[in-house]
Number of protein chains: 4
Amino acid sequence: MEKDILFGSCLPPFGDCADRFVLSGYSGVKRTPVEMIKRAGKVKSLSGIELVGTWHLSDNNIREIKKVVEDVGLKICMVTPDMWARGKWGKGGFTSREEKIRKEAIGDVKASMDWAIELDCDAIDLWFGQDGYDYLFQANYVEAWDRLVEATRECADYRPEVKVCLEYKIKEPRTHIFVGTAGKALLLAKEVNRNNVGVLVDVGHALAAGENPAESIALLSRSKKLFYLHFNDNYATWDDDMMVGSVHLPQYLELLYWLKRTGYKGWHTLDIFPYREDGVRAVEESIAWIKGLYELLNRIDYQRIEKIIEEGDATQASGILRTSILSWSQS
Amino acid sequence: MEKDILFGSCLPPFGDCADRFVLSGYSGVKRTPVEMIKRAGKVKSLSGIELVGTWHLSDNNIREIKKVVEDVGLKICMVTPDMWARGKWGKGGFTSREEKIRKEAIGDVKASMDWAIELDCDAIDLWFGQDGYDYLFQANYVEAWDRLVEATRECADYRPEVKVCLEYKIKEPRTHIFVGTAGKALLLAKEVNRNNVGVLVDVGHALAAGENPAESIALLSRSKKLFYLHFNDNYATWDDDMMVGSVHLPQYLELLYWLKRTGYKGWHTLDIFPYREDGVRAVEESIAWIKGLYELLNRIDYQRIEKIIEEGDATQASGILRTSILSWSQS
Amino acid sequence: MEKDILFGSCLPPFGDCADRFVLSGYSGVKRTPVEMIKRAGKVKSLSGIELVGTWHLSDNNIREIKKVVEDVGLKICMVTPDMWARGKWGKGGFTSREEKIRKEAIGDVKASMDWAIELDCDAIDLWFGQDGYDYLFQANYVEAWDRLVEATRECADYRPEVKVCLEYKIKEPRTHIFVGTAGKALLLAKEVNRNNVGVLVDVGHALAAGENPAESIALLSRSKKLFYLHFNDNYATWDDDMMVGSVHLPQYLELLYWLKRTGYKGWHTLDIFPYREDGVRAVEESIAWIKGLYELLNRIDYQRIEKIIEEGDATQASGILRTSILSWSQS
Amino acid sequence: MEKDILFGSCLPPFGDCADRFVLSGYSGVKRTPVEMIKRAGKVKSLSGIELVGTWHLSDNNIREIKKVVEDVGLKICMVTPDMWARGKWGKGGFTSREEKIRKEAIGDVKASMDWAIELDCDAIDLWFGQDGYDYLFQANYVEAWDRLVEATRECADYRPEVKVCLEYKIKEPRTHIFVGTAGKALLLAKEVNRNNVGVLVDVGHALAAGENPAESIALLSRSKKLFYLHFNDNYATWDDDMMVGSVHLPQYLELLYWLKRTGYKGWHTLDIFPYREDGVRAVEESIAWIKGLYELLNRIDYQRIEKIIEEGDATQASGILRTSILSWSQS
């Protein structure tokens, strides 16, 4: 049974989603962080939420937020420092050319680590969305990488009890983000070389980078660096942040299989942007898919599937999935 | 029930599949067309096969081939003139700069139409794989299109009782093929303006062109120009010619739904290249998926799904698929 | 000489560019439409600007806008009705399921045609950004296409003296937009079947749809349906709206060659989003590239390049480009 | 001056290029390795060639080959063991499930190292083209990686004086290759942890993996693991193996800039597949582009470009490229 899966969610589904064409948001309903958390509290299968520093969290509201989260019966599964949501980060945080900006970024990350501890949360999410480049002849790739290693190490050492989860993404908002793939994220984690530094796999980011998510999480697990997961779906060219299972159904099945096989016990956190959907229903639907796919896996003879993988027999692999998915059928 | 679905297959799964690195083929077993047809005859759900002019068919062997096909209980569902499998077509057939080549191409297509009639087959497949370009400043796009229209019309008029199925593909073997998308194939069919000229949708080609196959077949059906279908799967960047259902499971479900809804009664022909798999099993597995997915669709309340589409409610659409696929579940 | 090229621009470079992560904009400087127009007026090579209905234009401000545009010495090269920038269009304009929304969309487009006439502008840009779908089983493709044809025809007939330019884009803000490729846009224009209905090629949209822009404009010119052009660049997977020439340099050369060859005399309008750059400089730089590439083309022997294309000799095509681009070299 | 650049080439341009549709080759002219080497010898700017073990090299012909190569005035810049060109490697070499196959692969690689030494060549190219998977639930990612590390280390230790160059590619002939990106190749090299193990960047493979080649070589140089380079071009979705400079002109400029900046002194080896072109001319044209682009770089004020990169000013970067490329212009 998968009764012990911990489901989390980012807050956007409980607020209003905007894009560059509809800056005012698709629903037009504005909600405060507290209101969003209360909405999240109504999703029965949800155990945790993520908060973004400065968007949702500040020194001023942290006590209020903590109380509301407790009141609605949730935990905070992740604190994400903002190093990407204000114009001042536009040309990078940790890799900014301006020392002042770099220091502010490091300072904000450390503040997020403090907040995390105060909120009984053991992890922060370092997403380097603005640390990249758009044009050719615009970046010093070598220096950028040096700065990433250095700043990440400094933050990791500040609070060794807080897990620093490196979230990779190949593009958006920059056309090229330095930490773009599972391979590069693992390289960075290894070079930083601290026990509390690992990788966050956002399934949609993996897909948009041309990765097979199952392979990526297996590779990270092999180095004990798979720390956290974001769930969503897309059409493999962009971070569409869609509901789980809507596009990459077989890939999700294989991903969950490898999460089980490698013993992943962490959060299953939704990072979806339901621009035109009801956010609560979109989260519930995504959780229902994940639960259902885990149940489907449980119905498949584990030793048989292991044997098929050992033999690499694609036709048998197809057959076992088919007969499981179409189980009411006699074939 | 879908008892009346006609399943066909191209011949490669019953021979040996090669690529540019392993030119001698992955299995190393060479088979003649007759041997391949006999192997095809052993697949119980198979009713038809496709033959490629000059690869499998010639004036010399046509009677022998016809007899073997009958003996094994199959029909010939499609004759495909070779306008792409020999070096002489390397820079195009219908759009070749050399008048001699263009005339040979047209002649070969007409010969294929004659063969089709002799083989009780009502259709030929015009695939313009070499009619394109690789480099910039290499093609006269306007002239190429003129030639496509003219030559296709000439062939169509030669045998109005034979359906001319325009098969589009965005690339391979050229980096750019003129007739690359459903939109362009439909434009060509409309400009040729003959009742016996329509479009062949190869599902993998549609995916590799960034199309949602269901949308493409609906658009073609709307203009009464959906003539034929090739089934296979891939990872949406290349024509991997994989087994059906292995990657694009939800897309296949929607495709079959729209085939039903638009009343498609034609062949479901496999065009797969099982390089490293047993070809017979790969074909059987693909057919089992198509049958299974049709059965799955039959289990879904047709009016409810129609209503969901009318309302465009993505969360409900997800829910109806989920509860059908995971039907043993209580959710 | 290319002295008579008309350069235009959309307004975003003269304001502030935002995306879904930095909704408040990267520069943080807010400008009114009048202020943006005044900034545009300072770009010496610029002759025209595009205005978006309701964003920049309304019945209330039209006289003021007209005067400011004249004062700064510009023309209005295009009026773009807003059918995509407010939450109410989120599920489509012309193809909305709600009759009320469809009527509002048609009404707004007609109002834009009136404004265009009042502003001495002969064209409107119909961009169907929200007319598409995100999820499978969410759209009725057949009905959507019927509605597109009908509504476009109604608008075209309302003001036959105004050119209706159909702007295609494959995705964003929807994951799938109905009018997604040059082929589909031409199909729509042909089915609408009105002289004042043609196609707007946004070069970046063509690239993001996997098209070679030169081929697309040649194909449209062949049917006399190339009405207007948007210039920008990207990395061929997304509408990055970058400065011209930054990525697809050889493709731009071929595009300009075919514009010359097919006798395009219309606007060269920039549609760039310089999120992190100075907008005025980004526009100037883009115009300098276009001018420079036209001059480069003028330096190439026109008959020789025509002959190379006629022969399809890729190595010679490469050579002529190389020796032109590296003209100071002796090779 | 770049007089000291060493240009090499693989042999396919001097023979006949085939693909899965035209297995007999586009030119139809068959040549032996000796004939191909003699043709290569006629390209004046060429200093070296690559040889593939078992395709071109065997214990029987090695002395003859060595002599011919010397006679035509070339060097052997690389020996590539065949672990991908025969059906027996179809399901992998180093990562095969069959111990027998793994041992043969390791044996063949070691034999190639012996041949390299005998041929005065200091490097072998380990390309893992068949070491991957096609279908989901087909691969044991963890075990595959373990085997890659182990077998590579065993080979590296066999001949520490021979450089083992890990060539990554994201797909083809498998739909997924384990060593698919610069990041993963560097991870593998670091885990193998031998001085003679580094990475071979095939520019086209980098592009097809969604990488910016300049960034990839900078990242590898930073870890002293950039060992060798293959030059070619494509449309960034597939390994089209086209002539250099035909598509990614600005990217090539930036790549060469970073090669200079990081002090790369190694071979510039062409790996192109001129299916429909004259191979000798295609190689000459590619070399002319590389030389020309290096000369173009030399004409740009080095300190100014360094400063632009340090400042990350995209508009200035565009301007410096533009005025260099269009240098005859006054702008």
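Things worth noting here:
Every residue, every condition in (1) under 20 Å from B:Arg20 (Cα atoms); (2) not β-branched (Val, Ile, Thr); (3) not assigned by TED's automatic domain parsing to the domain that holds D:Thr175, yes or no:
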residue: D:Asn60; (1), (2), (3): no, yes, no
residue: D:Asp71; (1), (2), (3): no, yes, no
residue: D:Trp89; (1), (2), (3): yes, yes, no
residue: D:Phe94; (1), (2), (3): no, yes, no
residue: D:Glu98; (1), (2), (3): no, yes, no
residue: D:Ile106; (1), (2), (3): no, no, no
residue: D:Ala111; (1), (2), (3): no, yes, no
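- Restricting attention to region B:226-251, the residues being buried (at least 23 other Cβ atoms within 10 Å of the Cβ) and small (Gly, Ala, Ser) number 2.
- Selected residue [among the small types (Gly, Ala, Ser), touching a strand residue (DSSP E or B) at 6+ places or on another chain (Cβ under 8 Å), surrounded by 15 or more Cβ atoms within 10 Å (Cβ to Cβ) and closer than 30 Å to C:Glu306 by Cα] from B:Gly48, B:Gly92, B:Gly87: B:Gly92
- Restricting region A:119-144 to residues that are in a helix (DSSP H, G or I) and out of contact with any helix residue (DSSP H, G or I) (no Cβ under 6 Å at 6 or more places or on another chain), the residue that is surrounded by the fewest Cβ atoms within 10 Å (Cβ to Cβ): A:Glu143
- Summed over region D:291-304, the residues that are surrounded by fewer than 21 Cβ atoms within 10 Å (Cβ to Cβ), more than 7 Å from every other protein chain (Cβ to nearest Cβ) and of a type outside the set (Lys, Arg) give a count of 7.
- Of all residues in region C:113-139, those that are under 26 Å from B:Trp258 (Cβ atoms) and either more than 14 Å from chain B (Cβ to nearest Cβ) or of a type in the set (Phe, Trp, Tyr) (or both) total 5.
- Considering the conditions (1) more than 14 Å from chain A (Cβ to nearest Cβ); (2) part of a loop (DSSP other than H, G, I, E, B); (3) crowded, with 20+ Cβ neighbours inside 10 Å, B:Leu259 is excluded by exactly one of them, (2).
- Of the residues in region B:262-278, not one is part of a helix (DSSP H, G or I) and either more than 14 Å from chain C (Cβ to nearest Cβ) or closer than 26 Å to C:Glu143 by Cα (or both).
To keep it simple, each residue is scored yes or no on (1) aliphatic (A, V, I, L, M); (2) more than 22 Å from B:Asp240 (Cα to Cα).
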site	(1), (2)
D:His176	no, no
D:Thr181	no, no
D:Glu191	no, yes
D:Asn196	no, yes
D:Gly204	no, no
D:Ala208	yes, no
D:Ala214	yes, yes
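- Selection count where residues are among the hydrophobic types (A, V, I, L, M, F, W, C) and not in a helix (DSSP H, G or I), scope region A:179-195: 1
- Count - residues of region C:12-49 that are within 14 Å of another protein chain (Cβ to nearest Cβ) and more than 16 Å from C:Ala288 (Cβ to Cβ): 17
- If the condition is being in contact with a Lys or Arg (Cβ under 7 Å, 6 or more places away or on another chain) and either without any contact (Cβ under 8 Å) to a residue 24 or more places away in the chain or over 28 Å from D:Tyr264 (Cβ atoms) (or both), then region D:1-30 contributes D:Gly15, D:Asp16, D:Ala18, D:Asp19, D:Arg20, D:Val22, D:Tyr26.
- Subset of region B:306-319 (residues that are at the interface with another protein chain (Cβ under 7 Å from one of its Cβ atoms) and under 32 Å from the mean Cα position of the chain (by Cα)): B:Ile308, B:Ile309, B:Glu310, B:Gly312, B:Ala314, B:Ala317, B:Ser318, B:Gly319
- Yes/no for A:Thr152 being under 29 Å from A:Trp238 (Cβ atoms), surrounded by fewer than 23 Cβ atoms within 10 Å (Cβ to Cβ) and either modelled with pLDDT under 95 or of a type in the set (S, T, N, Q) (or both): no
- Counted residues, region D:209-238 - those being in contact with a Lys or Arg (Cβ under 9 Å, 6 or more places away or on another chain) and more than 14 Å from chain A (Cβ to nearest Cβ): 3
- Selection from region C:179-207 of residues that are free of Cβ contacts under 8 Å to residues at least 40 places away in the same chain, out of contact with any Pro (no Cβ under 8 Å at 6 or more places or on another chain) and surrounded by fewer than 22 Cβ atoms within 10 Å (Cβ to Cβ): C:Lys190
- Within region B:66-81, the residues that satisfy the criterion of being crowded, with 22+ Cβ neighbours inside 10 Å and not in a strand (DSSP E or B) are B:Val69, B:Pro81.
- Residues satisfying the stated conditions in region A:61-105, i.e. closer than 13 Å to A:Asp131 by Cα and among the hydrophobic types (A, V, I, L, M, F, W, C): A:Met83, A:Trp84, A:Ala85, A:Trp89, A:Phe94, A:Ile101, A:Ala105
- Output for region D:45-56, where each listed residue is free of Cβ contacts under 8 Å to residues at least 60 places away in the same chain and in contact with a helix residue (DSSP H, G or I) (Cβ under 8 Å, 6 or more places away or on another chain): D:Ile49, D:Thr54, D:Trp55, D:His56
- Considering region A:159-178, and only residues there that are within 12 Å of another protein chain (Cβ to nearest Cβ) and part of a strand (DSSP E or B), the residue that is surrounded by the most Cβ atoms within 10 Å (Cβ to Cβ) turns out to be A:Ile177.
- Residues in region A:200-219 that are more than 13 Å from the chain's Cα centre (by Cα) and over 19 Å from B:Asn234 (Cβ atoms): A:Ser216, A:Ala218, A:Leu219.
- Scanning region D:208-235 for residues that are under 18 Å from D:Trp289 (Cβ atoms) and in contact (Cβ under 8 Å) with a residue 24 or more places away in the chain turns up D:Pro213, D:Ala214, D:Ile217, D:Leu229, D:His230, D:Phe231, D:Asn232, D:Asp233, D:Asn234.
- Under the condition of being within 14 Å of the chain's Cα centre (by Cα) and either at pLDDT below 95 or outside any loop (DSSP other than H, G, I, E, B) (or both), the residues counted in region D:220-246 number 8.
- A:Glu50 vs. criteria more than 22 Å from the chain's Cα centre (by Cα) and either outside the structural domain of A:Asp82 (by TED's automatic domain parsing) or closer than 20 Å to A:Leu119 by Cα (or both): no
The values are calculated or read from the model by the stated rules, or taken from the named source; none is laboratory data. This structure is a prediction, so every number in the text was calculated from the model and none was measured. We place every Cβ from the backbone using ideal geometry, glycine too, and count neighbours over all the protein chains shown.
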